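Asker: This is the structure, below, for whatever I ask next.
The values are calculated or read from the model by the stated rules, or taken from the named source; none is laboratory data. Computed from a predicted model, the values in this text were never measured in an experiment. With ideal geometry, Cβ positions are generated from the backbone for all residues, glycine too; neighbour counts draw on all protein chains shown. We work out accessible area using only protein heavy atoms, side chains counted, and drop any ligands, DNA or RNA first. Shrake-Rupley method; radii C 1.70, N 1.55, O 1.52, S 1.80 Å.
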Amino acid sequence: MPYKHYNDQELTALLKSGDQLAYAEIYHRYHAALYIHAFKRLQLREECRDLVHELFTTLWIKREEITFKSTLSGYLYTSVRNKIFDLLAKQKLKKTYIQSIQDFAENGLVTTDYLVRQNQLKAIIDQEIANLPPRTRQIFELSRKNFLSHQEIAKVLNLSEQTVKTTINNALRVLRTRLGSMLFLSL
């Protein structure tokens, strides 16, 4: 008796026992209708073909463990519907992810590049400060790194406030001159 004369329950029982011809009959009986069902929802030819083929591949691989709670056709249509939902959810997630990347690219800061440049600039400034004469460097560091006032520096080093002020101004002028050309070249 040809397989096209079997009903769905008989084909299902044969499928579970590993009958390839029963599987082929199920495929021929339902693949076109399932494709049309999927296409009405998605309007994407290739995705619908892939979805239906994936469904039938899964049907064959899991044939022994699948339990049909209703009819074979009910199981197949429900499976297609679930696969459509999965595909739509993945597409939505993909769109959201792509949009977030675009938003970041347009509006976000590239933190890593910024930090690298900041560290390079700090190293250049520290090197130029280290190149200052020892007394000038000491006064400048007390002012800028230890945040001491001119008056406090003058007391610590036993100098006049005017000497401290002049030394800091001279150090800043030297650093601006040196760093101005170096920053232009490094950036």
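Asker: Under 8 Å for C-alpha pairs, at least 6 residues apart: give me the relative contact order for the range 30-107, rounded to a whole percent. Please report the intermediate quantities before stating the final value.
Answerer: On the way: 28 pairs, mean separation 25.6, N = 78.
That works out to 33 percent.
Asker: If you don't mind, another one. From the Cα trace of the range 67-172, what convex hull volume per residue do you get, rounded to a whole Å³? Mind showing how you got there, number by number?
Answerer: Working: hull volume 19.9 nm³, N = 106.
Convex hull volume per residue, Cα atoms: 188 Å³.
Asker: Okay, next question. If you find the alpha carbon centre of the range 128-169 and of the range 1-74, how far apart are they in angstrom?
Answerer: Cα centres, the range 128-169 to the range 1-74: 86 Å.
Asker: Using the Karplus curve 6.51 cos²θ - 1.76 cosθ + 1.60 with θ = phi - 60°, what ³J(HN,Hα) values do you get for each residue of the range 117-125, in whole Hz, with x for Gly and Pro?
Answerer: Result, ordered by residue: 4, 4, 5, 5, 5, 4, 5, 5, 5 Hz.
Asker: Counting only protein heavy atoms and a 1.4 Å probe, tell me what percentage of the chain's accessible area is made up of carbon and sulfur. Could the numbers behind the result be given before it?
Answerer: Working: 7380 of 13210 Å².
The computed percentage sits at 56.
Asker: Rank-order 93-100, 151-158 by packing density, defined as the average count of other C-beta atoms within 10 Å over each peptide's residues, highest first. If you can, show how the numbers build up before the last one.
Answerer: Values: 93-100: 10.1, 151-158: 14.5.
Descending packing order for the listed peptides: 151-158, 93-100.
Asker: Further, regarding this structure: Hey, if you drop one equal point scatterer on each alpha-carbon of the range 17-62 and run the Debye formula without solvent, what base-10 log of I(q)/I(0) do you get at q = 0.16, 0.18, 0.21, 0.23 Å⁻¹?
Answerer: Treating every Cα as an identical point scatterer, log10 I(q)/I(0) equals -0.43, -0.53, -0.68, -0.77.
Asker: Separate question: Taking a quarter of the surface of the convex hull around the Cα atoms of the range 1-145, what do you get in nm²? Please list the in-between numbers first.
Answerer: Values: hull surface 65.3 nm².
For the range 1-145, averaging the hull's shadow over all directions gives 16.3 nm².
Asker: Right, something else. Are there chymotrypsin sites (Phe, Trp or Tyr not before Pro) in the range 115-187 that DSSP marks as loop and that have at most 16 other Cβ atoms within 10 Å, and which are they?
Answerer: Values: sites: Phe140, Phe147, Phe184; in loops: Phe147.
The qualifying sites are Phe147.
Asker: Give the Cα extents of the range 117-166 along the principal axes, in whole Å, largest first.
Answerer: Reported extents, whole Å, longest axis first: 37, 20, 15.
Asker: GNM on the chain, C-alpha springs below 10 Å: top fluctuator among Leu76, Leu11, Leu132?
Answerer: Maximum among the listed residues: Leu132.
Asker: Probe of 1.4 angstrom, ligands and nucleic acids ignored: what's the accessible area per residue over the range 1-71, in square angstrom? Could the numbers behind the result be given before it?
Answerer: On the way: 4720 Å² over 71 residues.
On a per-residue basis, 66 Å².
Asker: Output the peptides 17-23, 61-67 sorted from most to least packed, where packing is the average of other Cβ atoms within 10 Å over each peptide's residues. Let's see the in-between values first.
Answerer: Values: 17-23: 13.9, 61-67: 10.6.
In descending order of packing, they fall as 17-23, 61-67.
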